[in-house]
Amino acid sequence: MIRVTNLHKSFRSQHVLKGVNLEFATGKITTIVGTSGCGKTVLLRHLNALLRPDEGEVFVDGVDIAKLPQKELYQIRAKFGVLFQGAALLDSMTVFDNVAFPLREKTKSKEPEIKKKVEERLEQVGLGEMGRKLPAELSGGMKKRAGLARALIMDPEIVLFDEPTTGLDPVLATSIHQLIARTHTTFGFTGVLVSHTIPQVFGISDYIAMLADGVIKELSPPEVFCASKNPVVQQFIQGKTEGPIQVL
Amino acid sequence: MLLFLGQVGRFATDQIAGMGRIFSFLMSALFLAFRPPAKIYLIIYHIKTIGVESLSVVALSGFFTGMVMGFQGYYSLRQFNAESWLGSATALGLLRELGPVLSAFMVTGRTGSAMAAELGTMRATEQIDALDSMAINPIKYLVSPRIIASLLAMPLLTAIFDVIGIFGAYLVGVSLLGVSSGSFFAGMEGSIVFHDVYSGFVKSISFGLIITWICCYKGFYAPPMATGVSQATTESVVLSFVMILVWDYFLTSVML
């Protein structure tokens, strides 16, 4: 279980997170939505301590990871899989080697075992024939799929998705959403997704959290979220320029 | 006035923090380099990129440097009727100074800039964050093997530079300008002592460390954008050149 309490983060004079309080339900997918630049990715990066807060706590299974030394932090990070915005595949390796990389580096698995598991994951994300290709030879959607296969290879308890459909056409975006939903059903991980592709993302989410002005304005299941009376939520859903969200 | 003082204070703290970060980066990389598990396959790979792939440019620059030294040495020594010392003068200059410094410059241009650009691109495309999020220490994986590889490759490249440089000077001095082959080598044999070779060896190792340290640091912390990568690459080369010359001065003054 992940719980964030009173999280503050500034970059120089820009106060991005101003006291975020949020709890992520175990085994469910929670999607953080908000306008571009509101701090969604900053919040996500605090969940596995890629960023450290200026103030506040991030608890993972009851441990405040914000204050952990590196060795203990790496033990906690083993529970996480991360799908980065651009997939972040190591471009000097083939797709197969990218997916096998965490197994080779973090486990003592033998090569036949690794091969079997990697091929299985690649098959699950629809890249069964693509193992020998380099990341540069893949389309945007394929890179995301390969990134997802790598994120899932260590059977993580928690998977973080940073804008998994950014830059993809609507058809590909839907296929990635379906893939996330399918893998969630198969593996049962706790998913935290950052996105602003609404309403498509509502279909795969158990909870929607709205981040605005550096705080969480709403946390509710998608149907409740859509019916919310909160003017910030309504302005965001309807994409209006007039309202409490300031548009530059 | 307060705003100005604030800016000065911020600049000063940024500079001090930057210096602290660059030294702690080196300490981490060195500490992790000798901590198991050793990444032997990565060390071998980087010996190839730093050593083998720099070999041709180091050999070529060594050859021409030696030939220039042959001409210049002959011209200078002839003023004193001491052409027979050409071998000794060339070898001393190459072994103690020009070999380590020029081969370090070549490696900086050939490999150091590539290191900074590669790591900078990895930062910009979140590959370094991806390693960190997989609980793989990016300094141990990306920097430490490069440091060990450069410590092993630089003395060998310098030795090759020295030998080819001496050969270039021999070609010019003996084959072209008529210096006696016997006196060329006899002078060298009589004046070169172990300390000359040792000082060149120490210099080449320390230059290898400086190149990898600075170039990796600049790339590792490059701002995550295209201009950030180009800026990191340029800064890494310029700073490496300056640091090599500054450190060379200190080492020469200590080891003379």
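Residues that are at the interface with chain B (Cβ under 10 Å from one of its Cβ atoms) and touching a strand residue (DSSP E or B) at 6+ places or on another chain (Cβ under 8 Å) do occur in region A:65-76, at least one of them. Pull up region A:86-133, narrow it to residues that are buried (at least 19 other Cβ atoms within 10 Å of the Cβ) and not aliphatic (A, V, I, L, M), then point me to the one that is nearest to the chain's Cα centre (by Cα). Ranking the qualifying residues of region A:86-133, first place goes to A:86. Condition (residue is under 16 Å from the mean Cα position of the chain (by Cα), more than 25 Å from residue B:138 (Cβ to Cβ) and not in a helix (DSSP H, G or I)) applied to region A:12-22: is it met by at least one residue? The answer is yes, given that some residue of region A:12-22 is under 16 Å from the mean Cα position of the chain (by Cα), more than 25 Å from residue B:138 (Cβ to Cβ) and not in a helix (DSSP H, G or I).
Any residue at all in region B:145-154 that is surrounded by fewer than 22 Cβ atoms within 10 Å (Cβ to Cβ), touching a residue at least 24 places away in the same chain (Cβ under 8 Å), more than 30 Å from residue A:49 (Cβ to Cβ) and away from every other protein chain (no Cβ under 14 Å)? Scanning region B:145-154, I find at least one residue that is surrounded by fewer than 22 Cβ atoms within 10 Å (Cβ to Cβ), touching a residue at least 24 places away in the same chain (Cβ under 8 Å), more than 30 Å from residue A:49 (Cβ to Cβ) and away from every other protein chain (no Cβ under 14 Å), so the answer is yes.
The condition (being of a type outside the set (Gly, Ala, Ser) and either touching a Cys at 6+ places or on another chain (Cβ under 6 Å) or surrounded by fewer than 23 Cβ atoms within 10 Å (Cβ to Cβ) (or both)) is satisfied by just one residue among B:179, B:246: B:246.
Residue check: is residue A:216 outside the structural domain of residue A:89 (by TED's automatic domain parsing), crowded, with 17+ Cβ neighbours inside 10 Å and not in a loop (DSSP other than H, G, I, E, B)? Spelling it out, residue A:216 is indeed outside the structural domain of residue A:89 (by TED's automatic domain parsing), crowded, with 17+ Cβ neighbours inside 10 Å and not in a loop (DSSP other than H, G, I, E, B). Condition test on residue B:71, is it without any contact (Cβ under 8 Å) to a residue 24 or more places away in the chain and either within 17 Å of residue B:141 (Cβ to Cβ) or more than 21 Å from the chain's Cα centre (by Cα) (or both)? Criteria not met by residue B:71.
Quick check: anything in region A:48-61 within 14 Å of chain B (Cβ to nearest Cβ) and part of a helix (DSSP H, G or I)? Within region A:48-61, not a single residue is within 14 Å of chain B (Cβ to nearest Cβ) and part of a helix (DSSP H, G or I).
The residues of region A:23-69 that are surrounded by 23 or more Cβ atoms within 10 Å (Cβ to Cβ), β-branched (Val, Ile, Thr) and under 14 Å from residue A:196 (Cα atoms), listed by number, are A:31, A:32, A:33.
Looking only at region A:95-149, filter to residues that are of a type in the set (Lys, Arg) and part of a loop (DSSP other than H, G, I, E, B); which one of those is nearest to the other protein chains (Cβ to nearest Cβ)?
Residue satisfying both the conditions and the ranking: A:108.
Summed over region A:87-111, the residues that are touching a residue at least 60 places away in the same chain (Cβ under 8 Å) and not hydrophobic (A, V, I, L, M, F, W, C) give a count of 0. When region A:158-173 is limited to residues that are crowded, with 19+ Cβ neighbours inside 10 Å and charged (D, E, K, R), the one that is nearest to the other protein chains (Cβ to nearest Cβ) turns out to be A:162. Return yes when residue A:87 is assigned to a helix (DSSP H, G or I), at the interface with chain B (Cβ under 10 Å from one of its Cβ atoms), under 24 Å from residue B:122 (Cβ atoms) and in contact with a Gly (Cβ under 8 Å, 6 or more places away or on another chain) and no when it is not. Judged against the criteria, residue A:87 is not a match. Being at the interface with chain A (Cβ under 10 Å from one of its Cβ atoms) and more than 16 Å from the chain's Cα centre (by Cα): is that true of residue B:127 here? Answer is yes for this residue.
Listed here are the residues, each with its yes/no results for (1) surrounded by fewer than 19 Cβ atoms within 10 Å (Cβ to Cβ); (2) of a type outside the set (Val, Ile, Thr); (3) modelled with pLDDT of 95 or more.
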site: B:41; (1), (2), (3): yes, yes, no
site: B:44; (1), (2), (3): yes, no, yes
site: B:53; (1), (2), (3): yes, yes, no
site: B:62; (1), (2), (3): no, yes, yes
site: B:65; (1), (2), (3): no, no, yes
site: B:74; (1), (2), (3): no, yes, no
site: B:83; (1), (2), (3): no, yes, no
site: B:86; (1), (2), (3): no, yes, no
site: B:89; (1), (2), (3): no, yes, no
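So for region A:185-201 (the condition being surrounded by 14 or more Cβ atoms within 10 Å (Cβ to Cβ), at pLDDT below 90, of a type in the set (A, V, I, L, M) and outside any helix (DSSP H, G or I)), does at least one residue qualify? Yes, that holds for at least one residue. Quick check: is even one residue across region B:193-209 within 20 Å of residue B:69 (Cα to Cα), out of contact with any strand residue (DSSP E or B) (no Cβ under 7 Å at 6 or more places or on another chain) and acidic (Asp, Glu)? Looking for residues that are within 20 Å of residue B:69 (Cα to Cα), out of contact with any strand residue (DSSP E or B) (no Cβ under 7 Å at 6 or more places or on another chain) and acidic (Asp, Glu), one finds at least one in region B:193-209, hence yes. Quick check, is residue B:79 within 14 Å of chain A (Cβ to nearest Cβ) and either surrounded by 21 or more Cβ atoms within 10 Å (Cβ to Cβ) or more than 19 Å from residue B:30 (Cβ to Cβ) (or both)? Criteria not met by residue B:79.
Output yes when any residue across region A:77-84 is in a strand (DSSP E or B), in contact with an Asp or Glu (Cβ under 8 Å, 6 or more places away or on another chain) and more than 11 Å from every other protein chain (Cβ to nearest Cβ), and no when none is. Among the residues of region A:77-84, not one is in a strand (DSSP E or B), in contact with an Asp or Glu (Cβ under 8 Å, 6 or more places away or on another chain) and more than 11 Å from every other protein chain (Cβ to nearest Cβ), which makes the answer no. Between A:245, A:208, A:237, the distinction of being closer than 29 Å to residue A:172 by Cβ, in contact (Cβ under 8 Å) with a residue 40 or more places away in the chain and not in a strand (DSSP E or B) belongs to A:245 only.
The values are calculated or read from the model by the stated rules, or taken from the named source; none is laboratory data. Bear in mind the structure is a predicted one, so any value in this text is a computation, not a measurement. We place every Cβ from the backbone using ideal geometry, glycine too, and count neighbours over all the protein chains shown.
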